[in-house]
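In what follows, a structure is listed as structure tokens, so that the remarks can point back to it.
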Amino acid sequence: MKKLISYAVAIIMLIATLSPAAFSAENSCDCGQSPIVYISGLGSASLIRDAGSENEQQLWKIDTEYAIKEFATLAPSVAALMATGNYDAFGDDLIAVIKTVFGDLALDGDGVSSDRVTYELREYTSSEHGLDRDYYFAYDFRISPFETAALLKTAVETVKELTGHKKVSFKASSMGGVIAMAYLSAYGTEDIDKIIFINCPILGTEVAGELFTKQLEINKDALIRYGEQALPALDNDPLAAILYAVIEALDISGIWDTLLLTADFFIDKLGEKVLNEAVIPIFTSMPGLWSFVSDLYFEQAKDAVINPETQAGMLSKINDYHYNVQNKAAEILNSARADGVCIYIIAGYDMQRTPLVPSYLNDSDGTVDTKYASVGAVVAPIRETFSDDYTQAVDFDGINYISPDNHIDASTCALPDSTWFIKNMLHCNNHDGHRELYRMMFESDTQLTVFSDPCYLQFLQNDKDNQTFYEVVPNEDYTELDRLLLAPSLLHFVAFISCLLKVFRF
Ligand SMILES: [Zn+2]
């Protein structure tokens, strides 16, 4: 019997030495740094219609020249509208153009793309890797995050093979975080060393749910703040002062009010029709976009826009992500950390979000709500603070998780000690200061926390000009903002236009 066991052990050892694992160990890299796969945001891959044919057309990111050309065909319809006041006829023409420009992006009832719309999957061939050389992972944002995660799994295997590392790290930006979460859910943590989530809608973003439940609202103050962000030239710029003076002299506030009225009028007359007949059918056919809908609106949005009979396949895909990933985000992240994966979460705040939806007061990085990117922080409405008698929601033996500006309580986050909040960080706008922080996170062999380095406290004030951060200070003075709120109306006008442009470019 003893002999038999020794024999079996010898055979197993022989097989083990010949197996691929042993082979890759011989080719292993000792650089000490897991290769980084950068999972980029929405639109990382260009979606092409009829690739290779003479009618080849890039549909996403939207080809502005093509879109303008198509929308310009509406000129006669606008003239007719002005002459006849027939909004229905104009609406039909507008819907036809929207369908021409975006229609082929729609997925079928199973959440599958038309064969005519394709993109180029990147192939990795180089073994070069390091903190300044990552593997860029681009994908079709429309399909289910689980389908993208399967492609990511293949990419991870390729990177491991090329570099001789047993694990990779993820740097996930915006929607990339959704893909990383689907990956953790489907494939676990075996291949993963570290993950940095940068401004990711891990619990969604309220804009998506509100648009999918057809809630539109234009708020004037929010528009102004949004415009202020869209115009960096207005910050500390002599031009801004001149602009203000000119505007004040002209006192054109009437123009703004007229514009706002006009916008409301158009939304009233056309909004419902255009949403129902063009925008909703196209964009709600994409399981990828459903991953952005928060739990608050998920069921309501499904009831509003999904046909359970013709879209059964799609429905099952979006339920799968929502209930197995988004709703279990805290569980997935905690179990990944328990498995030894270092996890870092970065959320921006104090930026005005697109002011076309009811949640315009939710604090955000301009796109993703801070409470969702941070996976569960309690966040006061934008530019407001907690009441003086507010106490931290979860007690961690007296450790403070409330921001110095009394605006964020991080004690309720999935990972309170490895979630950072950067004030005035606009969605995925990184500078050298961010890159230094990410480098430190990737370089550390152990999980760093918000208590590890006094230069990188939990709450950081973004200093874009000097490409660095400093400590968030209490009682932020918003006089500058107040001035902007009272400032005259060219700013409103510019805000409105920039907002339209933003919506147009999604
Ligand atoms: Zn290496």
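Here are some notes:
- For region 351-408, the tally of residues that are over 21 Å from SER174 (Cα atoms) and of a type in the set (D, E, K, R) stands at 7.
- There is at least one residue in region 309-319 that is surrounded by fewer than 18 Cβ atoms within 10 Å (Cβ to Cβ) and part of a loop (DSSP other than H, G, I, E, B).
- Residue within region 285-308 that is crowded, with 18+ Cβ neighbours inside 10 Å, in contact with a Cys (Cβ under 8 Å, 6 or more places away or on another chain) and of a type in the set (A, V, I, L, M) present: no
- Residue match in region 400-421 (condition: surrounded by fewer than 19 Cβ atoms within 10 Å (Cβ to Cβ), in contact (Cβ under 8 Å) with a residue 60 or more places away in the chain and either closer than 30 Å to PRO35 by Cβ or charged (D, E, K, R) (or both)): no
- Selection count where residues are of a type outside the set (Phe, Trp, Tyr) and within 30 Å of GLN33 (Cα to Cα), scope region 84-129: 9
- In region 422-455, residue surrounded by the fewest Cβ atoms within 10 Å (Cβ to Cβ) [restricted to those that are of a type in the set (D, E, K, R) and part of a loop (DSSP other than H, G, I, E, B)]: ASP445
- So THR205, is it touching a residue at least 12 places away in the same chain (Cβ under 8 Å), more than 16 Å from the ligand (Cβ to nearest atom) and crowded, with 20+ Cβ neighbours inside 10 Å: yes
The rows are residues; the columns are (1) more than 16 Å from the ligand (Cβ to nearest atom); (2) under 22 Å from the mean Cα position of the chain (by Cα); (3) part of a loop (DSSP other than H, G, I, E, B); (4) crowded, with 20+ Cβ neighbours inside 10 Å.
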| site | (1), (2), (3), (4) |
| --- | --- |
| SER126 | no, no, yes, no |
| PHE141 | yes, yes, yes, yes |
| LYS153 | yes, yes, no, no |
| LYS160 | no, no, no, no |
| HIS165 | no, no, yes, yes |
| SER169 | no, yes, no, yes |
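- Residues (under 20 Å from LYS214 (Cα atoms) and basic (Lys, Arg)) located in region 293-320: LYS302
- Evaluating VAL112 against the criteria (1) in contact with a Lys or Arg (Cβ under 8 Å, 6 or more places away or on another chain); (2) farther than 30 Å from MET440 by Cβ leaves one unmet condition, (1).
- One residue from ASP389, ASP409, ASP397, ASP432 being under 23 Å from ASP295 (Cβ atoms) and more than 18 Å from the chain's Cα centre (by Cα): ASP409
- Residue in region 324-346 that is assigned to a helix (DSSP H, G or I) and among the β-branched types (Val, Ile, Thr) present: yes
- Test: residue in region 184-201 that is assigned to a helix (DSSP H, G or I), within 16 Å of the ligand (Cβ to nearest atom) and modelled with pLDDT of 95 or more: no
- Within the set ALA83, ALA79, ALA72, ALA96, the sole residue that is without any contact (Cβ under 8 Å) to a residue 12 or more places away in the chain and within 19 Å of LEU275 (Cβ to Cβ) turns out to be ALA96.
Results for (1) at pLDDT below 90; (2) more than 30 Å from GLU128 (Cβ to Cβ); (3) more than 16 Å from the ligand (Cβ to nearest atom); (4) not small (Gly, Ala, Ser), shown as yes or no for each residue.
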{"residue": "ALA182", "(1), (2), (3), (4)": "no, no, yes, no"}
{"residue": "LEU216", "(1), (2), (3), (4)": "yes, yes, yes, yes"}
{"residue": "ALA222", "(1), (2), (3), (4)": "yes, yes, yes, no"}
{"residue": "ALA240", "(1), (2), (3), (4)": "yes, yes, yes, no"}
{"residue": "ILE255", "(1), (2), (3), (4)": "yes, yes, yes, yes"}
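- Residue in region 368-385 that is crowded, with 16+ Cβ neighbours inside 10 Å, in a helix (DSSP H, G or I) and touching a Lys or Arg at 6+ places or on another chain (Cβ under 8 Å) present: no
The values are calculated or read from the model by the stated rules, or taken from the named source; none is laboratory data. Bear in mind that the values here come from a model prediction, so they are computed numbers and not experimental data. FYI the Cβ positions are ideal-geometry reconstructions off the backbone, even for glycines, and counts take in every protein chain you see.
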